[in-house]
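S.K.: Please find one structure pasted underneath; my questions will follow.
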Amino acid sequence: MKVILCEKPQQMKSYSEAFQSAKREGTHITVKDKEIFGDEEVVMISALGHLIELCNPDEYKEEWKNWSMDQLPIIPEEFKMKVSKDKKSIFQNAKQWLQKADEIIIATDPARAGEAIAKNIIIMAGVNDTPQKRLWVKSMTQEAVRKGFQNLRDAEETYSYYLEEQARSVSDWIIGMNASRVFTLLFRDKKGVKEVFSAGRVQSALLHLIRQREKELEHFKVQSFYEIHGHFNTSGIPYVGKLLQDHNIMKLHSKEEAQGKLQQLKKHTAHIQKVTVEQKSKQAPRLYNLSSLQAKLNKKYKMSPKVVLETAQSLYDKRMLSYP
């Protein structure tokens, strides 16, 4: 039996609609498609995002439960994973089907996180030795999905994505667990502050940038300036030129200074030494990736990155966008 492991229920449903026959049976979908699977029995199951997570410090050593400078740095010899407390039933359902499979098709999102979601479930279920294939499609259209299932990749080809995501997770764990305790203990000892301070690889750097920007705004002083523009006409084509100084637009700090400069210019005659006419082609702008889309929509519509991600994901699930 083949088992197709999806990342989330909506993804499972969308993929199933690409097959000749699909029947929902509780938490799984049984599919049939002679063109792709022949007469084999195929079952689709779904995770719900990350089901597996890194263990907490006190789950390695009891003494790591207490926050003390003497315990730092906390770095386990070997990192351990566990099933998330609120997703145990989902994992157990996936595990029972994966253990029945003679081939597992990983059909999670084609990215590092999607790879890790599937591999961690497979490893935790004890079926990592079962033959595995990888669906790698960035479009949810039925044509693309069918083509993807007809041209499955060997799971080893995308294994590096799993290693990358695991390295990121472990890095975040080491920095977050240790830095949070350091800052919390220092503030408690030096300032008498009792709150817990959260620190992390990304959030701490981001907070620093936010604070830097805040300080710039606090010390910012509005400065007005003037520019001198000239209106020209060459071969019947009008254009506006700007007065330059050392190849940069000249900025004058008062109206009087600008008028004085203008009067100086009027005493002289300008001679056009050379006119060059060129035809240039401009490429269409590149399509957005998730980061550039979030930046654009935040700037234009004040949409938060989370809202943009959720919207893009929803449109992807509805086959209106490629993988965000």
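The values are calculated or read from the model by the stated rules, or taken from the named source; none is laboratory data. Computed from a predicted structure; not experimentally measured. Positions of Cβ are backbone-derived with ideal geometry, glycine not excepted, and every protein chain shown enters the neighbour counts.
S.K.: What do you reckon, is Ser224 among the small types (Gly, Ala, Ser), without any contact (Cβ under 8 Å) to a residue 40 or more places away in the chain, more than 21 Å from Glu77 (Cα to Cα) and loosely packed, with under 10 Cβ neighbours inside 10 Å?
M.R.: In short, yes.
S.K.: Please go through the range 236-285 and give me each residue that is more than 17 Å from Ser224 (Cβ to Cβ), of a type in the set (Gly, Ala, Ser) and not in a strand (DSSP E or B), ordered by number.
M.R.: Gly236, Ala270, Ser281, Ala284
S.K.: Please list, ordered by first then second residue, the pairs with beta carbon atoms under 6 Å, 6 or more apart or interchain, first in the range 291-304 and outside the structural domain of Tyr323 (by TED's automatic domain parsing), second surrounded by 14 or more Cβ atoms within 10 Å (Cβ to Cβ).
M.R.: No pair meets every condition.
S.K.: Can you name every residue in the range 302-316 that is part of a helix (DSSP H, G or I), over 23 Å from Lys13 (Cβ atoms) and in contact with a Leu (Cβ under 7 Å, 6 or more places away or on another chain)?
M.R.: Within the range 302-316, Val308 is the sole residue that qualifies.
S.K.: For the condition closer than 17 Å to Gln11 by Cβ, aliphatic (A, V, I, L, M) and touching a Gly at 6+ places or on another chain (Cβ under 9 Å), what is the one hit in Ala144, Ala113?
M.R.: Ala113 is the lone residue from the list that is closer than 17 Å to Gln11 by Cβ, aliphatic (A, V, I, L, M) and touching a Gly at 6+ places or on another chain (Cβ under 9 Å).
S.K.: Could I ask something else about it? When you look at Ser322, is it under 28 Å from Asp109 (Cα atoms) and part of a helix (DSSP H, G or I), yes or no?
M.R.: no
S.K.: Please indicate, with yes or no, whether at least one residue in the range 32-40 is buried (at least 21 other Cβ atoms within 10 Å of the Cβ), in contact with a Lys or Arg (Cβ under 9 Å, 6 or more places away or on another chain) and either among the aromatic types (Phe, Trp, Tyr) or closer than 22 Å to Trp173 by Cβ (or both).
M.R.: No, that holds for no residue.
S.K.: Here's another thing I want to ask about it. With Lys190, Lys133 as the choices, which residue is modelled with pLDDT under 95 and either among the charged types (D, E, K, R) or surrounded by 14 or more Cβ atoms within 10 Å (Cβ to Cβ) (or both)?
M.R.: Lys190
S.K.: Look through the range 205-235, keep the residues that are part of a helix (DSSP H, G or I) and of a type in the set (Asp, Glu), and return whichever of them is nearest to Val275 (Cα to Cα).
M.R.: The selected residue is Glu216.
S.K.: Are any residues in the range 77-102 under 19 Å from Ile52 (Cα atoms), under 30 Å from the mean Cα position of the chain (by Cα) and not in a helix (DSSP H, G or I), and if so, which ones?
M.R.: Listed by number, the residues that qualify are Glu78, Phe79, Lys80, Met81, Lys82, Val83, Ser84.
S.K.: In the range 122-142, what count of residues is obtained for those that are out of contact with any Ser or Thr (no Cβ under 8 Å at 6 or more places or on another chain) and under 21 Å from Glu40 (Cα atoms)?
M.R.: Result for the range 122-142: 8.
S.K.: Being among the β-branched types (Val, Ile, Thr), modelled with pLDDT of 95 or more, in contact with a helix residue (DSSP H, G or I) (Cβ under 6 Å, 6 or more places away or on another chain) and in a loop (DSSP other than H, G, I, E, B) is true for just one of Ile45, Ile74, Ile36, Ile29. Which residue is that?
M.R.: The conditions single out Ile74.
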